[in-house]
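Heads up, the thing below is written out as structure tokens.
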Amino acid sequence: MAMGNATAVFEFLLIGISNYPEWKVTFFTLVLITYLSTLLGNGLIIFLIHSDPHLHTPMYFFLSNLSFLDLCYGTVSMPQALVHCFSAHPYLSYPRCLTQISVSLALGTAECLLLAVMAYDRVVAIGNPLRYSMVMNGSVCVWLAATSWGASLVLTAMLILSLRLHFCGMNVINHFVCEILSLLKLACSDTSLNELLILITGIFTLLLPFGFVLLSYVRIATAVLRIRSAQGGLKAFSTCAFHLTVVVIFYGAAISMYMKPQSKSSSDQDKFISVFYGALTPMLNPLIYSLRNKDVKGAMRKVMAKRP
């Protein structure tokens, strides 16, 4: 049932890939590979960081949080997209739809904030290495991570509790999953307050963290330029470039969805843009942030060496 004095709505029809039947097999294959890679990559990172004492540092503490977020974020949407790909009636009940929206928003918001925290961690590590262990001590790391999670829960609760939607007509969502903007497009009631709250929330969870991350990488690049070793500087720039590319994909796709004027029509472009921050970045993050790192590679070799 919809919240408030809304029309009784028991389920929604998710179009997903239905309007492109010729792409169903390709889409299913790509999503399956993406999801399995997300599970394997992020699960491996969490295991290695937990099992190797040498990785019990602030940077890897935040990376383990990021991997856990990505693992959960991918699991919220991709299995459903796989099941609905060949389903004749891809319906989702309203309670399940609202639950999926809530969990996705909470995880996505937490990741936006955590990426800014990770950028701050790297700025301190590179810009002030002598005081790094004192500034980023255990309690500070836990507080920063807990603040990211806590703020995401509060902001998500604010958005969900503000929903007072009245539905009429065909309840068809032109998306692979239930997503708050797609749900608002179906409402017959006034959604201006909800859209304003989404805009305000987006400023604090998308624009400001993204700006902070960009400024952080400028500071990191400035510090890298002081590296006398050409090989060391090139390697550092390469790492920063990969990190920044994934960050731009994540924030850029989310900003293009949530920080633009909303209309009542749902375009196919929107649901494919959501794939970038909902599926692609959870798969890429462990590859870019961790698996290319020599410390993680060393931990992996130790695990492999222990096998009988």
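The values are calculated or read from the model by the stated rules, or taken from the named source; none is laboratory data. Note that this is a predicted model, so its numbers are computed, not measured. Positions of Cβ are backbone-derived with ideal geometry, glycine not excepted, and every protein chain shown enters the neighbour counts. Each accessible area value is taken on the protein alone, full model and side chains, heavy atoms only, with ligands, DNA and RNA left out. Shrake-Rupley method; radii C 1.70, N 1.55, O 1.52, S 1.80 Å.
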Original post:
Taking amide H positions as placed 1.01 Å from N in the peptide plane, with prolines and chain starts having none, which residues 5 or more places from PHE167, or on another chain, fall under 5 Å of its amide H?
Top reply: THR7, CYS188
Subject >> Virtual spin-label span in nm between ARG164 and SER51, 7 Å along Cα→Cβ >> reply: 5.4 nm
Original post:
When ranked by the protection proxy of mean other Cβ atoms within 10 Å per residue, highest first, what sequence do the peptides 101-114, 70-83 form?
Top reply: 101-114, 70-83
Original post:
How far apart, in nm, are the 7 Å Cα→Cβ label points at TRP143 and ARG226?
Top reply: 2.6 nm
Subject >> Relative contact order (%) - the stretch 11-306, alpha-carbon pairs under 8 angstrom, separation at least six >> reply: 28 percent
Original post:
Expressed as an acute angle from 0 to 90° and rounded to the nearest 10, what is the orientation of the C-alpha long axis of helix 294-306 relative to the principal long axis of the chain?
Top reply: 90 degrees
Subject >> Accessible surface, per residue, of the chain when the full set of protein chains is kept, probe 1.4 Å, Å² >> reply: 50 Å²
Original post:
Is it possible to state the helix-based mean residue ellipticity at 222 nm for the chain, with each DSSP H run of 4+ residues giving -39500 (n - 2.57), the sum divided by total residues, to the nearest 500 deg cm²/dmol? What is it?
Top reply: -23000 deg cm²/dmol
**OP:** Please tell me the relative contact order of the stretch 1-137 in percent, rounded to the nearest whole number, where contacts are Cα pairs under 8 Å and at least six residues apart.
**Re:** 32 percent
Subject >> Unmatched cysteines, the chain - criterion: no other Cβ of a Cys under 4.7 angstrom >> reply: CYS72, CYS85, CYS112, CYS141, CYS240
**OP:** Output the direction-averaged projected area (hull surface divided by four) of the convex hull of the alpha-carbon atoms of the stretch 11-306, in nm².
**Re:** 17.0 nm²
Original post:
When ranked by the protection proxy of mean other Cβ atoms within 10 Å per residue, highest first, what sequence do the peptides 56-68, 211-223 form?
Top reply: 56-68, 211-223
**OP:** Specify the inter-centroid distance of the stretch 12-37 and the stretch 269-308, based on alpha-carbon positions, in whole Å.
**Re:** 22 Å
Original post:
Per the 1.4 Å probe, what fraction of the accessible area of the chain, in percent, lies on carbon and sulfur atoms?
Top reply: 71 percent
Original post:
What list of ³J(HN,Hα) values in whole Hz, one per residue of the stretch 37-42 in order, does the Karplus curve 6.51 cos²θ - 1.76 cosθ + 1.60 (θ = phi - 60°) give from phi, with Gly and Pro shown as x?
Top reply: 5, 5, 4, 5, x, 6
Original post:
For the peptides 179-190, 20-31, what is the packing order when you average, over each peptide's residues, the other Cβ atoms within 10 Å and list the highest mean first?
Top reply: 179-190, 20-31
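Dividing the convex hull volume of the alpha carbon atoms of the stretch 66-150 by its residue count, what do you get in Å³ per residue?
Given the Cα convex hull of the stretch 66-150, per-residue volume reads 85 Å³.
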**OP:** With θ set to phi - 60°, apply the Karplus curve 6.51 cos²θ - 1.76 cosθ + 1.60 along the stretch 188-196 and write out the HN-Hα couplings as whole Hz, x wherever there is a Gly or Pro.
**Re:** 8, 7, 6, 10, 4, 5, 4, 5, 5
**OP:** State to the nearest 20 debye the size of the charge dipole of the chain about its Cα centre, where the only charges are +1 on K and R beta carbons and -1 on D and E beta carbons.
**Re:** 1160 debye
